[in-house]
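Let me begin by presenting the structure, written as structure tokens, before commenting on it.
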Amino acid sequence: MTSTSVWHVANRPSQVQRRGRYLPDSMPHPAKMLPELAAHAISTFTKPGDLVFDPMCGIGTTLVEAIHLGRDAIGIEYEARWSAAARMNVAHARANGASGEAEVVLGDCRHLRSYVPSDAAGQVALILTSPPYGATTHGRVRTSRAGVRKWDHRYSADPANLAHQGLDTILAAMEAMFREASFVLAADGVVALTARPWRRDGVLVDLPGRLVDTAARAGFRLIERDVALLAAVRGDRLVPRASFFQLSEVRRARERGHPFRVVAHEDVLVFGRRP
Ligand SMILES: C[S@@+](CC[C@H](N)C(=O)[O-])C[C@H]1O[C@@H](n2cnc3c(N)ncnc32)[C@H](O)[C@@H]1O
């Protein structure tokens, strides 16, 4: 049976969580994981000394939080700009007392096995990652009388980045990632993916559901489906930290008479290998 719990990881705004812990070169990355989400996953699914792996590591949130918690970590990132930022964040964490060690490799998650040192094969306790998708839901925005200005919404100009591919290509890459993951995971190791549904032209794209099917094809079963709150808890109220894009999508839908609500959480899908 699949279990569920609610992760209370956004009481502090993301900028506050990152301040002093991540270097300024990281900030333009369009889709960073919440540090407290990464730390919660790592504390829940691993113990000190374990090896944590992120095959699409971006600016290295998984790695930084892992080494601060006394785990070791390996990350792969496709873009040179973000892998350099991840390396700098790891060095910054080490200089600030993180006791674990981490390595960042420039590469492709579809071949993750080839980047893992042979002595680490079968040793990974946790793969924690978030798949890239679309520029439409990311980035920073300023509105003025002149219109809407949007920036930092792209990972790069490289069309081969998975974020710039269609959903089917992203899911095929995730299936390849899962198949390769079997070779690096410890016997009781788990894969945790964070993902959100999004709307394209008003229609819901159920990325979490598609990821569950994709993992099943690669021999993994869902063991937990958790809710990472993207909202602060204030007394008995939730205060959502919705993005500009979510708010404008929901406003437009409501103007058309559709009773949409802002999504105030991210799914955390936790998989184990099928026996
Ligand atoms: C959602 S972001 C991950 C962000 C990361 N969790 C963090 O906190 O910075 C997905 C990342 O996957 C990278 N990516 C895209 N295609 C890739 C591939 N084929 N292999 C590895 N990484 C890839 C993107 O450049 C992006 O940085």
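Each value in this text was obtained by applying a stated rule to the coordinates, not by laboratory testing. What you are looking at is a predicted structure, and each value in this text was computed from that prediction instead of being measured. Note that we place each Cβ from the backbone using ideal geometry, even for glycine, and neighbour counts take in every protein chain shown.
Structure notes:
- The label point for I223 and the one for F244, both projected 7 Å from the Cα toward the Cβ, are 4.1 nm apart.
- Counting DSSP beta bridges with both ends in the chain, the antiparallel % (nearest 5): 55 percent
- Full-extension gain in nm, S43 to A157, via 0.36 nm per residue minus C-alpha separation: 37.5 nm
- Distances between placed amide hydrogens fall under 5 Å for H265 paired with L230, all partners being 5 or more residues away or on another chain.
- Amide N proximity, the stretch 30-53 versus N11 label position 7 Å along Cα-to-Cβ, cut-off under 19 Å: 34-44
- Positive minus negative residues near L167 (Lys, Arg vs Asp, Glu; Cβ under 11 Å): 0
- As a rough guide to protection, the peptides 248-254, 24-30 ranked by mean Cβ packing within 10 Å, highest first, stand as 24-30, 248-254.
- Note on R252 and A232: the extension gain reaches 4.7 nm, defined as 0.36 nm multiplied by sequence separation minus the Cα-Cα distance.
- Residue order, fewest to most surrounding Cβ atoms within 10 angstrom, among S243, S3: S3, S243
- Total charge dipole magnitude, the chain, about the Cα centre, Cβ charges on Lys, Arg, Asp, Glu only, Debye to nearest 20: 1280 debye
- Farthest toward the positive end of the dipole of the chain, out of T44, G97, P132, is the Cα of P132, where the dipole comes from beta carbon charges about the Cα centre.
- Subtracting the Cα-Cα distance of A121 and L167 from 0.36 nm times their residue separation leaves 13.6 nm of extension gain.
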